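Step one of this worksheet: look at the structure below.
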Amino acid sequence: MQVPVQIYAKGRNLAGVIHIPSVRAIGAPIIIMCYGLNGDRVEVHRMSVFAARRAAQLGITFIRFDYSGLGLSDDEFWHSSINTKVEDVLAVIDFVKGCFQTENPTLVLLGFSDGGRVACRIANICKEVSGLAMWNPMFSAMPPILPNSGFVPKFVREPQTREFVYPFFGLWMGSEYVRDINSSMNIEEFNTYDKDKLLIFGGDDLYSKETREQIIRDPSNLTTNVKIISIPGANHLFNRVEWTEQVISKTMEWVLEVGRLKKRMKEELN
């Protein structure tokens with residue numbers, strides 16, 4: 001079942017869709033997707049739609065929504081920052097808790113690209129998060145020249161408000177977001193989260209290469225609760241059918257396993 005929802009977050013209305021399995025066990029996993037910089041609830045080549053439908057087939061609830069300033073949600077993108085995106089996701093988590101208030105579901109955050117920064121921050125402040133999955137996460141600073149583009153962006157004034165903004169793939173990005181991206185705290189927030197983590201990288205992705213190397217260099221990430229998968233030849237957006245299929249399949253397998261582990265621990269405590 002696919003249900004459109006509207007979620008209120010700090011004065012902003014967020015447009016979203018919740019995919020609910022036709023048969024669902026009490027406490028079954030729930031995935032909330034955290035998109036990258038200019039991503040939305042559909043995502044490139046409908047990747048999040050396919051992921052949500054696969055999740056529902058497997059008994060997993062999946063929520064995809066537009067951050068404020070993107071898609072059908074309120075506000076403008078140049079008002080967005082990591083903090084506003086965190087507020088948006090926390091509002092979605094509150095919505096989930098209201099929908100499943102008699103349960104203790106396995107809540108998993110799925111961060112795609114820059115959405116990994118958002119997911120990591122929330123995972124460290126929200127005790128309900130049981131697992132952190134990321135596709136091509138980016139924790140490094142924004143490069144002065146975008147890979148393969150030759151484009152060197154600079155701050156300009158937004159025509160109507162005259163605010164300083166940064167042109168980014170057809171959108172205006174605010175200065176606060178640029179500062180957030182260039183913060184060194186992102187990798188620390190990833191390392192601090194001590195529950196189950198899944199990272200899926202495209203083998204040929206230039207954008208997440210530095211993040212991948214940072215994570216692999218840290219011996220604390222070579223533990224049983226951190227799973228790292230590389231998709232040979234895949235790029236940043238996994239825009240081939242076979243790459244998308246591998247990413248979605250591996251993610252759902254991992255989410256189901258996290259759900260089983262949480263259920264087992266709960267039974268042992270009882």
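The values are calculated or read from the model by the stated rules, or taken from the named source; none is laboratory data. This one's a predicted model, so the numbers in the text were calculated from it and none came from an experiment. Using ideal geometry, Cβ is built from the backbone for each residue, glycine included, and neighbour counts are taken over all protein chains shown.
Going through region 83-124 one residue at a time, which ones are β-branched (Val, Ile, Thr) and assigned to a strand (DSSP E or B)?
Our first condition is that a residue be β-branched (Val, Ile, Thr); within region 83-124, this holds for 84, 86, 89, 92-93, 96, 102, 106, 108, 118, 122.
Correct list: Val108 only.
So which pairs qualify, if the first residue must be in region 89-100 and within 18 Å of Arg121 (Cα to Cα), the second must be surrounded by fewer than 15 Cβ atoms within 10 Å (Cβ to Cβ) and among the hydroxyl-bearing types (Ser, Thr, Tyr), the Cβ gap must be under 8 Å, and the two must be at least 6 apart or on different chains?
Taking only residues 6 or more apart or on different chains, the pairs are Ala91/Tyr8.
Since Pro147 meets every condition but one in (1) modelled with pLDDT under 90; (2) of a type outside the set (Lys, Arg); (3) crowded, with 16+ Cβ neighbours inside 10 Å, which condition does it not meet?
The failed condition is (3).
Take the residues in region 3-46 that are farther than 15 Å from Ile63 by Cβ and crowded, with 20+ Cβ neighbours inside 10 Å; name whichever of them is modelled with the lowest pLDDT.
Across region 3-46, the extreme among qualifying residues is Leu37.
Any residue at all in region 23-34 that's closer than 21 Å to Gly174 by Cβ, touching an Asp or Glu at 6+ places or on another chain (Cβ under 6 Å) and not charged (D, E, K, R)? Reasoning before the result, please.
Here is the first cut: in region 23-34, the residues closer than 21 Å to Gly174 by Cβ are 34.
Applying the additional criterion that residues be touching an Asp or Glu at 6+ places or on another chain (Cβ under 6 Å) yields none.
For region 23-34, residues closer than 21 Å to Gly174 by Cβ, touching an Asp or Glu at 6+ places or on another chain (Cβ under 6 Å) and not charged (D, E, K, R): absent.
Looking only at region 205-257, count how many residues are part of a loop (DSSP other than H, G, I, E, B) and surrounded by fewer than 16 Cβ atoms within 10 Å (Cβ to Cβ). Even if it seems obvious, please write down each step before you answer.
Step one: of region 205-257, the residues part of a loop (DSSP other than H, G, I, E, B) are 205-208, 218, 222-225, 232-240.
Filter once more, keeping what is surrounded by fewer than 16 Cβ atoms within 10 Å (Cβ to Cβ): 206, 218, 222-225, 232-233, 239-240.
Total satisfying the criteria: 10.
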